[in-house]
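One structure is given below, encoded as structure tokens.
The values are calculated or read from the model by the stated rules, or taken from the named source; none is laboratory data. Just so we're clear, the structure is a prediction, and the values are computed from it rather than from any experiment. Reconstructed Cβ throughout: ideal geometry from the backbone, glycine too, with neighbour counts over all protein chains shown.
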Amino acid sequence: MSTISMRTRALAPRISRWLTVGAIALLTTLATAQIAAAQATPEGTVITNTATASYTDANGNTYTNATASVSVTVGFLAGIDVTSPATVSPASPSTGNLLNFPINNTGNGIDTVGTVSSTAAAGLTITGYRIGATPYATLAALQTALNAISIASGGNVVVTVVYNVATAQGGATLPITFTATSKRTPATTDTSSTNVTPATNRGVVTTPDAFALNHLPSNGTNYTYGFSVQNTGNASDIYNLVASAPGAVITIVSVNGTAGSSGTVTIASGATATVNVVYSIGNVAAGSAETLTLTATSQGNPAVTDPGTVNVTVVRAALTMAKVAYRDNQSTIINNTTDRVLPGEFIQYRITVTNGGGASATSVSITDALPAAVTYSSAAGDVGADWAISQALGTVTATLTPALASSTSRFIWIRVQIK
């Protein structure tokens with residue numbers, strides 16, 4: 001056996017031990033690297049790595065190990081994480097609402113917030129900011145304050161956004177976003193967004209309440225009344241409409257353009273719609289009364305409902321007539337018990353019509369067939385332009401052009417000569 005072979009066999013156990021130790025060292029290094037990757041090494045950390053070489057000679061003599069070291073210093077790696085608050089549901093409208101956005105330093109060293117920005121959806125208005133109890137009216141003022149705050153690695157600073165919610169935002173999804181950057185590494189930035197979802201409130205007011213109306217029997221004519229329905233909630237709503245009248249006076253024809261006694265209407269928050277109810281009045285006696293009701297009910301919340309009412313009273317015209325004989329001077333009444341008229345004398349009849357009913361009388365016409373003992377001379381109305389008067393074969397006809405209002409009277413004069 002050669003001297004080289006003998007030396008190789010002597011070194012084999014040592015080589016095996018060196019390989020085993022090297023493998024263990026390599027595995028340990030990999031495991032350490034994996035742990036380090038989970039949490040960044042702090043800035044400024046000095047990492048020293050030392051390698052050792054041990055050896056013997058051919059005769060098994062030991063020597064002092066040979067070593068070599070190298071050191072590296074960890075630099076700064078920025079990290080910014082803006083945390084999203086949970087979804088909130090303030091009232092609409094509301095003011096002074098608060099939303100906290102923590103700005104977390106996830107880097108490996110002390111950092112400062114550089115620039116910040118924020119946005120709010122339409123329907124929201126950002127009115128200011130806070131850090132703790134200190135208010136800042138503008139984003140620029142907030143940014144100046146943040147520039148002066150040092151945040152340790154793993155620490156944070158909480159920015160509170162103060163905002164108002166406008167009216168008519170119930171049920172909407174309105175995001176607020178907040179963005180922050182690292183002052184040391186401006187390219188490192190993060191944005192967080194939180195949804196503001198104002199609670200939906202329903203409301204309705206139907207008017208008028210107990211308004212009074214007078215109507216003639218329809219006789220083929222329908223009446224229309226416009227109820228006002230207001231959406232007092234904070235979101236658009238659809239309302240179910242029901243018109244009702246409990247008796248026999250009123251018959252519902254349509255509601256908001258839909259035949260029958262029911263319909264719907266869509267109204268924006270805060271808006272008012274006119275809902276027309278078309279109805280007829282039966283041929284009933286004057287003085288008959290009934291209440292017409294329109295009830296609006298929210299589809300979003302059926303417990304929200306409100307009626308409007310109109311009290312309807314049936315009126316009719318009621319005409320009476322009086323006829324009085326006068327001397328030709330139109331001022332002296334002829335008393336048939338004590339007075340006499342003579343052949344050839346001119347006298348005048350005054351015919352008066354009076355409307356004692358609750359409604360105007362139209363197409364009022366007077367017909368007077370004169371007796372054979374008199375001769376027609378002339379005729380005139382109290383207001384000449386209002387009357388159309390004619391005479392044919394001893395019959396006088398007088399037609400009143402304007403309506404005869406309730407509780408008013410009109411008259412004509414007919415002049416005749418006693419035969």
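Just to be sure I understand the filter: pairs with C-beta atoms under 7 Å, separated by 6 or more residues or on different chains, first member in the range 313-325 and assigned by TED's automatic domain parsing to the domain that holds ASN214 and under 18 Å from ALA403 (Cβ atoms), second member of a type in the set (D, E, K, R) and surrounded by 16 or more Cβ atoms within 10 Å (Cβ to Cβ). Which pairs pass? As it stands, the answer is none, since no pair meets every condition given. Here ASN105 clears all of (1) within 30 Å of GLY170 (Cβ to Cβ); (2) crowded, with 16+ Cβ neighbours inside 10 Å except the condition numbered (1).
Just give me the residues in the range 84-102 being over 26 Å from the mean Cα position of the chain (by Cα) and within 19 Å of LEU174 (Cβ to Cβ), in sequence order.
SER84, PRO85, ASN100, PHE101
The residues in the range 127-155 that are crowded, with 18+ Cβ neighbours inside 10 Å and in a strand (DSSP E or B) can be counted, and the count is 3.
Does the range 207-229 contain at least one residue that is surrounded by 14 or more Cβ atoms within 10 Å (Cβ to Cβ), closer than 30 Å to THR160 by Cα and of a type in the set (A, V, I, L, M)? Within the range 207-229, not a single residue is surrounded by 14 or more Cβ atoms within 10 Å (Cβ to Cβ), closer than 30 Å to THR160 by Cα and of a type in the set (A, V, I, L, M).
With respect to the conditions (1) under 15 Å from ALA325 (Cα atoms); (2) more than 60 Å from the chain's Cα centre (by Cα), PHE411 lacks only one, and its number is (2).
Are any residues in the range 195-205 out of contact with any Leu (no Cβ under 6 Å at 6 or more places or on another chain), surrounded by 17 or more Cβ atoms within 10 Å (Cβ to Cβ) and not in a loop (DSSP other than H, G, I, E, B), and if so, which ones? Passing the criteria: only VAL204.
Does THR258 satisfy the condition of being modelled with pLDDT of 95 or more, surrounded by fewer than 17 Cβ atoms within 10 Å (Cβ to Cβ) and farther than 30 Å from THR408 by Cβ?
So THR258 fits the description; yes.
Of the numbered criteria (1) touching a Pro at 6+ places or on another chain (Cβ under 9 Å); (2) in a strand (DSSP E or B); (3) farther than 27 Å from THR197 by Cβ, the one ASN100 fails is (3). When ALA285 is tested against (1) more than 30 Å from ALA317 (Cβ to Cβ); (2) surrounded by fewer than 18 Cβ atoms within 10 Å (Cβ to Cβ); (3) of a type outside the set (Val, Ile, Thr), just one condition goes unmet, and that condition is (1). Does THR52 satisfy the condition of being hydroxyl-bearing (Ser, Thr, Tyr), in the same structural domain as VAL162 (by TED's automatic domain parsing) and modelled with pLDDT of 50 or more? So THR52 does not fit the description; no. Within the range 225-274, the residues that satisfy the criterion of being touching a residue at least 12 places away in the same chain (Cβ under 8 Å), small (Gly, Ala, Ser), in a strand (DSSP E or B) and over 17 Å from ASP209 (Cα atoms) are SER254, SER262, GLY263.
Per-residue answers, yes or no, for (1) assigned to a loop (DSSP other than H, G, I, E, B); (2) at pLDDT 95 or above; (3) among the charged types (D, E, K, R):
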site	(1), (2), (3)
ASN329	yes, yes, no
GLY344	yes, yes, no
THR354	no, yes, no
ASP368	no, yes, yes
ALA380	no, yes, no
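Suppose the filter is over 30 Å from ALA286 (Cα atoms) and not polar (S, T, N, Q); does LEU400 pass it? Considered against the rule, which asks whether it is over 30 Å from ALA286 (Cα atoms) and not polar (S, T, N, Q), LEU400 comes out as no. Of the residues ARG350, ARG340, the single one that is among the basic types (Lys, Arg) and part of a strand (DSSP E or B) is ARG350. Within the range 335-353, restricting attention to residues that are under 23 Å from THR399 (Cβ atoms) and buried (at least 17 other Cβ atoms within 10 Å of the Cβ), the residue that is farthest from the chain's Cα centre (by Cα) is GLN348.
Applying the selection to the range 65-98, what residues are under 30 Å from THR50 (Cα atoms) and surrounded by 14 or more Cβ atoms within 10 Å (Cβ to Cβ)? Residues satisfying the conditions are VAL74, PHE76, LEU77, ALA78. Of GLY282, GLY263, GLY308, GLY300, all but one fail to be of a type in the set (Gly, Ala, Ser) and farther than 21 Å from VAL204 by Cβ; the exception is GLY282. One residue alone among PHE211, PHE227 is within 30 Å of GLN169 (Cα to Cα), among the aromatic types (Phe, Trp, Tyr) and not assigned by TED's automatic domain parsing to the domain that holds PRO90, and that residue is PHE227. Given the structure, is ASN301 assigned to a loop (DSSP other than H, G, I, E, B) and assigned by TED's automatic domain parsing to the domain that holds GLN348? It is false that ASN301 is assigned to a loop (DSSP other than H, G, I, E, B) and assigned by TED's automatic domain parsing to the domain that holds GLN348.
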